[in-house]
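Novice: Please read through the structure below; I'll follow up with questions.
The values are calculated or read from the model by the stated rules, or taken from the named source; none is laboratory data. What you see is a predicted model; the values in this text were computed from it and never measured. All Cβ positions, even for glycine, are placed from backbone atoms using ideal geometry, and neighbour counts span all protein chains on display. Please note that ligands, DNA and RNA were not included when accessible areas were found on the heavy atoms of the full protein model with its side chains. Shrake-Rupley method; radii C 1.70, N 1.55, O 1.52, S 1.80 Å.
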Amino acid sequence: MTETIIELKRADLTLGSAAASVHVLKQIDLQVNKGEAVGIVGPSGSGKSTLLMVLAGLEQLDAGEIHIAGEPLHSFSEDALADFRGRNIGIVFQSFHLIANMTALENVAVPLELANVANAFEIARQELAAVGLGERLNHYPGQLSGGEQQRVAIARALAPSPLVLIADEPTGNLDAETGRQIADLLFAKQAERGMTMLLVTHDSSLAGRCSRQIHVRSGEIVGDSSSALPAEAVGA
């Protein structure tokens, strides 16, 4: 029996104000089951990254509902939302977002320390070893390649054992071969841990590796398929 882990109901969001306002998400309904790998695709400016930020708890809706693991995030305070996100949602960004003056080990330990996990550094060591960086624990981001930095970011996202992994263009800043390795790592960890993964990408081959693809255009979901989308549907 499938279990719904994410549910959006009539999700609506406008960014900016007055003449500069943009209606980014328009009455979106979406259900995602536990353990699914979902690719979110669409043209630039379609609202797909904003949708991901809503699902990550980094943008709050103007109207509508969002439930993750049965919890009503739309009614949470900022503090409660941050606490829920820290415990349940791992996030991987295109630009890595590592702290420059912290080692790889310290970067991965940060979310655990914020959550008052007693053995934060031991977990961080294990996660870095799991992504192939067991020998790079004490290196700073500036001493690591782009692929290595993204591996640190993945280890950091996985360290709290999240229910949901969010990835926004995780291979966008990498060359093709390094991007393929990072994609392999993400899908391997998603399958290994049974996590739900939501992935925004412009890469049609990467989207095609997901068990399901959601196509967003002009702030609306216009396609929802379990088969690979054609390249022209993914957008530039």
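Novice: Once you list every other residue whose beta carbon is under 13 Å from the beta carbon of Pro111, what net charge do they have if Lys and Arg are +1 and Asp and Glu are -1?
Specialist: In short, -1.
Novice: Return the Rg/Rh ratio of the stretch 41-99 with Cα-based radii and a Kirkwood Rh.
Specialist: 0.99
Novice: Put a dot 7 Å past each Cα toward the Cβ at Ala100 and His139; how far apart are the dots in nm?
Specialist: About 1.9 nm, to one decimal.
Novice: What is the ratio of the Cα radius of gyration of the stretch 128-222 to 2.2 N^0.38 Å, where N is its residue count, to two decimals?
Specialist: For the stretch 128-222, the normalised Cα radius of gyration comes out at 1.14.
Novice: With only alpha-carbon atoms counted, please give the Rg and Dmax of the stretch 3-158, in Å.
Specialist: Final numbers for Rg and Dmax: 17.5, 52 Å.
Novice: Still on this structure, I have one more. Just reorder Ile28, Ile123 by solvent-accessible area, largest first, 1.4 Å probe, all chains present.
Specialist: The ranking, largest first, comes out as Ile123, Ile28.
Novice: What residue among Ala18, Ala130, Ala118 shows peak mean-square fluctuation when the chain is described by a Gaussian network model with Cα springs under 10 Å?
Specialist: Per the Cα network of the chain with a 10 Å cutoff, Ala18 tops the list.
Novice: Roughly how far apart, in whole Å, are the Cα centres of the stretch 57-132 and the stretch 151-170?
Specialist: Using only Cα atoms to place each centre, the spacing works out to 8 Å.
Novice: Give me the Kirkwood hydrodynamic radius of the stretch 77-119 in Å, from all C-alpha pairs, to one decimal place?
Specialist: Evaluated over the stretch 77-119, this radius sits at 11.7 Å.
Novice: Extension gain Asp12-Gln31, at 0.36 nm per residue separation less the Cα-Cα distance, in nm?
Specialist: 5.3 nm
Novice: Assign one of three labels to the stretch 83-174, namely rounded, prolate or oblate, based on the Cα gyration tensor with a ≥ b ≥ c the square roots of its eigenvalues; rounded applies when a/c is under 1.5, prolate when it is not and a/b is larger than b/c, and oblate otherwise.
Specialist: oblate
Novice: Can you tell me the dipole magnitude for the chain around its Cα centre, using point charges on the Cβ only (Lys, Arg +1; Asp, Glu -1), in Debye to the nearest 20?
Specialist: 260
Novice: Only helical DSSP H runs with n ≥ 4 go in: add -39500 (n - 2.57) per run for the chain, normalise by residue count and round the 222 nm mean residue ellipticity to 500 deg cm²/dmol.
Specialist: -10000 deg cm²/dmol
Novice: For the chain, set up a Gaussian network in which alpha carbons nearer than 10 Å are linked by springs, and say which option among Pro170, Pro72, Pro43 fluctuates the most.
Specialist: Pro72
Novice: Between helix 78-88 and the chain, what is the angle of the helix's C-alpha long axis to the longest principal axis, kept within 0 to 90° and rounded to the nearest 10?
Specialist: Here the helix axis deviates by roughly 60 degrees.
Novice: Using a 1.4 Å probe on the protein chains only, how many percent of the accessible area of the chain belongs to carbon and sulfur?
Specialist: 48
Novice: Next up: Using DSSP to define loop residues, name the GluC sites (Glu not before Pro) in the stretch 85-160 whose beta-carbon has at most 15 other beta-carbon atoms within 10 Å.
Specialist: Hits after loop and neighbour filter: Glu135.
Novice: Ok, one more. What dipole magnitude, in Debye to the nearest 20, does the stretch 136-204 give about its Cα centre under +1 on Lys/Arg Cβ and -1 on Asp/Glu Cβ?
Specialist: 320
Novice: Sticking with this structure for a sec: Give me the accessible area per residue for the chain, probe 1.4 Å, as a whole number in Å².
Specialist: 45
Novice: Could you order Thr201, Thr171 so the one with the most accessible surface comes first? Probe is 1.4 Å.
Specialist: Thr171, Thr201
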